[in-house]
């Protein structure tokens, strides 16, 4: 069996990719997908730890995180729709009325 | 009676609540009477406490009564408790007594003001706060009173909100004194750090066991607080502006509350100060220099209230001189006499202004003597008292301070000289004021002169009562060498000393020869000042103007208050303004000027700079979060 | 057959169940009797919240833990829950007319407020990282919706979007931290983590430290600590005022409870490692919050920065991590609930053309038209500035003394200096209220429920100054956590 | 061991490549599809790591339901051809973000290299049914009953919330 480090490093790479997506992209839907990528990386870490500790707790956490992600998606996409339904261009930088 | 001592701040507080909530619906008479009666009640309770305290043997005159445990958490403990000892009872009597007369006077003075009930709400709260301040048995409760006094002064100074200058002055007072409060807060915290408690008894009992450096730091920090509240150099700038408030408020601030808080603080903490002789020397010098400095400004100012304001700064400086050389009782004695004659001066000035429809410029007065007899004579009493003419009250207290400045172990001839010079100038400027206002040709319009009249009894009665006080209050502190056999010499000092630090600074009784000589010098100086004023303003009214022509530089320097405001402007305000203007969209018109202004602008500029980090871009915010995460994790894994 | 959990475990959740039942009842009424719902929802919510407070107080004094240690009911938790429920009750009161005026859908509004409160209460009593994460999401998702509730207002939309994306982002960071802690210790149970830390190998484990750091980021976001605070002003400004008021107490209090449980209860052994980090965060939070508040001319943004600054002061108590610090946190939160909600209540009263009048200039002359309202506002401002005679003063004294007891003099000095600076902008509001009335004054309406809320908040603000001991007897037992 | 390494390298490459593709795709539809592939490959890892139940959840719930929702929204907003506006208002963001990302990866490297993971020594698959629905279900309904119940509150909020947000009526 491979050392846990392999999976963890992979998970870290996926997590970093996700964060970069949030920082770099201007399309809120893609930013949101990047957050899903981050959650996914966390899930991979949980499953890895679970496997190497021979404990099922991590599986439950993944189950819970997936549920949370589903709820977030439902509400998040609702917010995105309610804002961008009326706009032609979907750019997060346009949301800049409030500052300072 | 001691168990009812809480009524002393409690009664005015009750007045605040009643007038604050129902005042608008009550008739004016009820509001004013209620407010005055409650403060009068607290004066009566103070007297009763005083009498009971006198009945106790000297060493038992130290009673604490805890109302309830206020804060108790872990090793941090504070009571809502009252300390009754000579010092606090002394202050209670001064505050509630003088406060009572000012309340009564206000019922007349403010009679036509639309904010009548609001005024008395604040005034009662002011008295209550000051009473809390002086009656607290620990530094935390003292701090509460300290802050409340600051708020009340702010509310009252900016009472006439419709004048922008009043609003600015209130803000200036609040913010300047908060600079001092910073020192005070740090001092209180340091006390807790060093002693593990904030209760006076425990702190003072352990004062000798704490390292000198710590005591020095604590006393310096407390003194910074005192400087702010008591308007000493360099934080005095707010007090002259505070004249924007109603005149009785000025009287209250100057005579009984607020500015005396700093003197009280140093006296209260005297067991700490005696362990820091170097700091006491600083206190003395700050006091002496302020006394002289403010007196010189008062020489040439033409606004009756401002002259009195600088006079207060100067007199408080003398008190600090007294406590600074270790003569705590002498400083407090002067506080007492000053309360009488300064309240009297202010109320007299208010009476004059009342007669002249609010005129404050002494160049537009004159010849009022015949118009207002009561005001004239009472003002004269006050003037003689502050000038130090025997046997009025100021003579004894001032003499005691000056004598201590020269002869006490902590004294210095330079301090004495400064104090003496200040006395000379004091006598001069107060009689300049007096002569210009009441003597000579009337310089106001004929119509005004026609209308000028004596004030109503609610104003003149307090004047008379205070005049009697200003005249005779000095006899509670007659020095021992004048009447060696009598048991009543140094009454104030003997009463107060159990509450103050005794060793090692209490001066021995002076040899009569030296004592009398010092007295005569002080008296001569006072008479010289009055004579000079008489010469300049009554005998040859043009002299001062000629002098101004001959030495314009000196005269203008004084007239412009040494250009302190201007120097502050150049040093702090301009750079601050430049910075602020660089970012700021519109400049806030109501911001205070001077030193405070500079600091405020600098902070505001910094604020605008930091504000720019809030770009409004969501992605920037995410970047900040992420950067924070990277730095945080990086730091944490590096601690391994 | 093995019974999943001891039935008595459910007792701990009585407050949550009361709220849940109330929320469902409101939704049902809303679905079947729309007209009745608009009128009755606030009162039903208020009754439910009151019931929850009663239930929470009943749980007082007998520490329980349930569901295999997943949640605990200790005195600390009950106190923070009281702060939250107080905040909810006051927020409901100030919503009564606000929701009607803004024509928000009442049923969903109150139901979401209550559901979010459930998340807050659960977060307070969570003794397990997964429960903390889950309850954080429960409260947050409801708040995302509430923030964007005024859908037709661009500011509300923008606030909802910002809060949602940044909130999810930081929650994802938090959950990664949980994963790392799980990897290092093999558990997410706070008690077990604390036990694990005794073994020397775990203490310096970078996996654990990195995990702790990421969890700190997620919770720091919720409490609005610098540099995770940037969403706060925008969200508070854009969200309906009542929602901003509600979340400024609830989500902050809940996140602080979780922070205390994670940092002090579970990872107290790592204090030498995290102390410097929390120290710096607290210092930055106090400084930035108070400093930028000075430049604000929008009262909602000013209150947002004020809320950031107050998070900084509470963080000082967290950093102190001593008995006094632990006692001061619930006290500070309860005091803050009163004074801050009071201030927000006043904000909702001042309107212009049906919109909230949020400019500071809109408050000029308020004293002359509405002396009692302005007086209360002045009181709340003084309280937020930490000036006596208000609860804000006592709360700050507590925190300062905790810092003294922990020998954090540097942080203490920063706290005192920033407090002094903060007086400036709080005072500015009171100054403005005394100025001349503008030519076109805003409309000020104080309906009865709002007046009650303001009165309660004012009374609480003064009461906690005079008798902080009332909560002291409670907070003393909090020290059991240590 | 070798076989596992090979699988790891192949699946890992796919996962990383699709992950990067998600954040680089111009077209949101492509991004969604890449994310689906990414979820699939991660699900494969779950299988390798003896987490069958979670692996199928991942495919059914995540890659299936949730991503379809994403796709639906992309279509609804008619973003299929939408390209991010040419001008980036925050040009520095990209590079600072990238630098921070690299820093995070370095930290991750330090952590994984120096870190101690709690693991049972020489771990063979514990039992054949580790990670299947039966033991996971038991765990869920016994030890983790409370979180499971709380998720129901969460879903209630999501339902109410999305109804409020999506309702046509203006208010």
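Assorted remarks:
- Residues being within 10 Å of residue C:267 (Cα to Cα) and assigned to a helix (DSSP H, G or I) - total across the range C:197-207: 1
- Here residue A:1 passes the criteria (1) buried (at least 24 other Cβ atoms within 10 Å of the Cβ); (2) within 7 Å of another protein chain (Cβ to nearest Cβ) except the one numbered (1).
- Failed item in (1) in contact (Cβ under 8 Å) with a residue 12 or more places away in the chain; (2) part of a loop (DSSP other than H, G, I, E, B), with residue C:407 passing the rest: (1)
- Of the residues B:123, B:142, B:93, B:87, the single one that is in a helix (DSSP H, G or I) and under 25 Å from residue B:240 (Cα atoms) is B:123.
- Unmet requirement for residue A:53, which otherwise passes all of (1) closer than 30 Å to residue D:165 by Cβ; (2) facing chain D (nearest Cβ under 7 Å); (3) surrounded by fewer than 24 Cβ atoms within 10 Å (Cβ to Cβ): (1)
- Residue A:93, sole failed condition from (1) buried (at least 24 other Cβ atoms within 10 Å of the Cβ); (2) at the interface with another protein chain (Cβ under 7 Å from one of its Cβ atoms); (3) in contact (Cβ under 8 Å) with a residue 12 or more places away in the chain: (1)
- Within the range C:158-179, none of the residues are under 17 Å from residue C:269 (Cα atoms) and either modelled with pLDDT of 90 or more or in a helix (DSSP H, G or I) (or both).
- Subset of the range C:191-226 (residues that are within 22 Å of residue A:39 (Cα to Cα) and facing another protein chain (nearest Cβ under 7 Å)): C:206, C:207, C:209, C:210, C:212, C:213, C:214, C:216, C:217, C:221
- Selection status of residue C:288, over 22 Å from residue C:93 (Cα atoms), free of Cβ contacts under 8 Å to residues at least 60 places away in the same chain, surrounded by 22 or more Cβ atoms within 10 Å (Cβ to Cβ) and within 11 Å of chain B (Cβ to nearest Cβ): no
- Among the candidates B:320, B:328, the residue that is closer than 22 Å to residue B:406 by Cα and under 15 Å from the mean Cα position of the chain (by Cα) is uniquely B:320.
- No other residue among A:23, A:77 is modelled with pLDDT of 90 or more, within 12 Å of chain B (Cβ to nearest Cβ) and part of a helix (DSSP H, G or I) apart from A:23.
- A residue that is crowded, with 23+ Cβ neighbours inside 10 Å, under 23 Å from the mean Cα position of the chain (by Cα), modelled with pLDDT of 85 or more and outside any loop (DSSP other than H, G, I, E, B) can be found somewhere in the range B:46-66.
- Identity of the residue in the range C:433-450, surrounded by fewer than 21 Cβ atoms within 10 Å (Cβ to Cβ) and within 14 Å of chain B (Cβ to nearest Cβ), that ends up farthest from residue C:379 (Cα to Cα): C:438
- Flag for residue C:326 being within 20 Å of the chain's Cα centre (by Cα), within 11 Å of chain B (Cβ to nearest Cβ), within 25 Å of residue C:82 (Cα to Cα) and surrounded by 24 or more Cβ atoms within 10 Å (Cβ to Cβ): yes
- The conditions of being closer than 24 Å to residue C:326 by Cα and over 12 Å from the mean Cα position of the chain (by Cα) are not met by residue C:235.
- From the list B:193, B:188, the lone residue that is more than 24 Å from the chain's Cα centre (by Cα) and more than 28 Å from residue B:340 (Cα to Cα) is B:193.
- Any hit, the range C:81-104, residues being closer than 29 Å to residue C:32 by Cα and either in contact with a strand residue (DSSP E or B) (Cβ under 6 Å, 6 or more places away or on another chain) or not in a helix (DSSP H, G or I) (or both): yes
- If you filter the range C:74-103 down to residues that are out of contact with any helix residue (DSSP H, G or I) (no Cβ under 8 Å at 6 or more places or on another chain) and at negative phi, you find that the one that is farthest from the other protein chains (Cβ to nearest Cβ) is C:101.
- For the range B:422-434, the count of residues that are surrounded by fewer than 16 Cβ atoms within 10 Å (Cβ to Cβ) and assigned to a helix (DSSP H, G or I) is zero.
- Verdict on residue B:40 being in contact with a helix residue (DSSP H, G or I) (Cβ under 6 Å, 6 or more places away or on another chain) and assigned to a helix (DSSP H, G or I): yes
The values are calculated or read from the model by the stated rules, or taken from the named source; none is laboratory data. From a predicted model like this one, the values you see are computed outputs, not experimental measurements. As a convention, Cβ positions derive from the backbone with ideal geometry for all residues, glycine included, and neighbour counts pool all protein chains shown.
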